[in-house]
Amino acid sequence: MNENQTGPNNLLDTTDCLEAVGVFKGWKNFLFVIVLLCLLLLQASFLLVDMGCIKMDDQAGGSEPAAETVKPVEAIKPEAVAEPEKVNKPEEVVEPNETDEPNQPDEKISKAAGHNLQRAVAWPSMEFLSGITFEYLSWVIRVVNAVLILTASLYCLSMLFSLKISMIGRLGGINHISRAFFLSLLMLILLLPWQRIFGGIVPGAIFTPEELAKWSCSQTSDVLDRVIYYLRFSGYWLLVLLLLILSQIRSVRWGKAILRRLEII
C-alpha cells in the first residue's frame with residue numbers, strides 16, 4: 001500500500017520540478033543574453049577610448065583628417081602651375097609640342113584631386129562618432145555596470161535554484177549544474193568592482209569611467225606597462241566572458257541530462 005501511495009506522489013513531484021526547471025531555464029537564458037551584451041558594450045567602450053575615437057578632451061577622433069585631405073585640393077589651381085612656363089619662354093618661338101606641355105601638369109593635378117576625393121569619400125572617417133563625447137560614454141559605462149551587476153547576480157541565483165530543484169526532485173545532471181553554478185559564482189566574484197572597496201588592491205573586471213580615463217592618460221612606451229594595461233581592460237574581461245560561456249554550456253548539458261534520465265529523448 002505504501003508503494004502504491006508513494007508512486008503517484010513521486011510522479012507529481014517530478015512534474016512540478018520539471019515545470020520549475022522550465023521556468024528557470026527560460027530566465028537563465030534571458031539573463032545570459034543580457035550579461036553577454038553588457039560585457040560586449042563594456043569592451044566596446046574601452047576600445048573606443050583606446051583607439052582614439054573618443055578622446056579625453058571631448059573630441060571624437062577621425063573627423064579632422066577628412067577636412068585636411070580636401071583643403072590642399074581646393075588650394076591648388078592650374079593657373080599657378082602654368083604661369084612660370086609662359087614667362088620663361090620667348091613669344092616668337094612657339095611649337096605645337098611645347099604648347100601642349102603646360103596642359104599636362106593640369107591633367108595630373110586634376111587626376112590627383114579626383115583620386116584624393118575618391119579616397120576621402122570611400123575611406124570611413126569616423127564622422128558618426130563626432131557627436132559622442134567622453135561624458136556621454138561615461139554615462140553609458142555607468143548604466144552598463146549597474147545592469148551587468150544585477151543581471152549577473154540573478155544569473156548566479158538562477159543556477160543555485162536550478163541546483164536545488166535537481167537535488168530535491170532527483171532529476172539528474174547534478175554534476176553539470178553544480179559545475180555551472182560554481183563557474184557562474186566565480187564569474188560574479190571576478191566581475192564585481194572590488195577596487196571600490198579595497199582601494200585598488202583587488203580589482204574587478206568592471207571599470208569606472210574615472211579609472212578608464214586615468215589608465216588611458218597615463219600610458220607610456222614601456223612594454224610591461226602596456227601589457228598590464230591591456231590585461232586589466234581586455235584580458236580580465238576575456239576571462240569573465242569565458243567563465244560565462246562555460247557556465248552556460250554546462251547548464252545546457254544539465255538540461256539534456258534531465259531529458260535523458262526521464263527517457264524523453
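Observations on the model:
- Inverting the pair-averaged 1/r between distinct Cα atoms of segment 156-265 gives 16.1 Å as its Kirkwood hydrodynamic radius.
- Inter-centroid distance (Cα atoms) of segment 10-40 relative to segment 131-177, Å: 12 Å
- Calculated FRET efficiency for the pair LEU185/ARG261, C-beta based, R₀ 22 Å, to 0.05: 0.30
- Toward the positive end of the charge dipole of segment 166-265, with +1 on the Cβ of Lys and Arg and -1 on the Cβ of Asp and Glu, the farthest Cα among THR220, ILE189, GLY173 is that of GLY173.
Read-outs throughout are calculated quantities, based only on the coordinates presented, and are distinct from any laboratory measurement. Just so we're clear, the structure is a prediction, and the values are computed from it rather than from any experiment. Please note: Cβ atoms are built from the backbone with ideal geometry, for glycine as well, and neighbour counts cover all protein chains shown.
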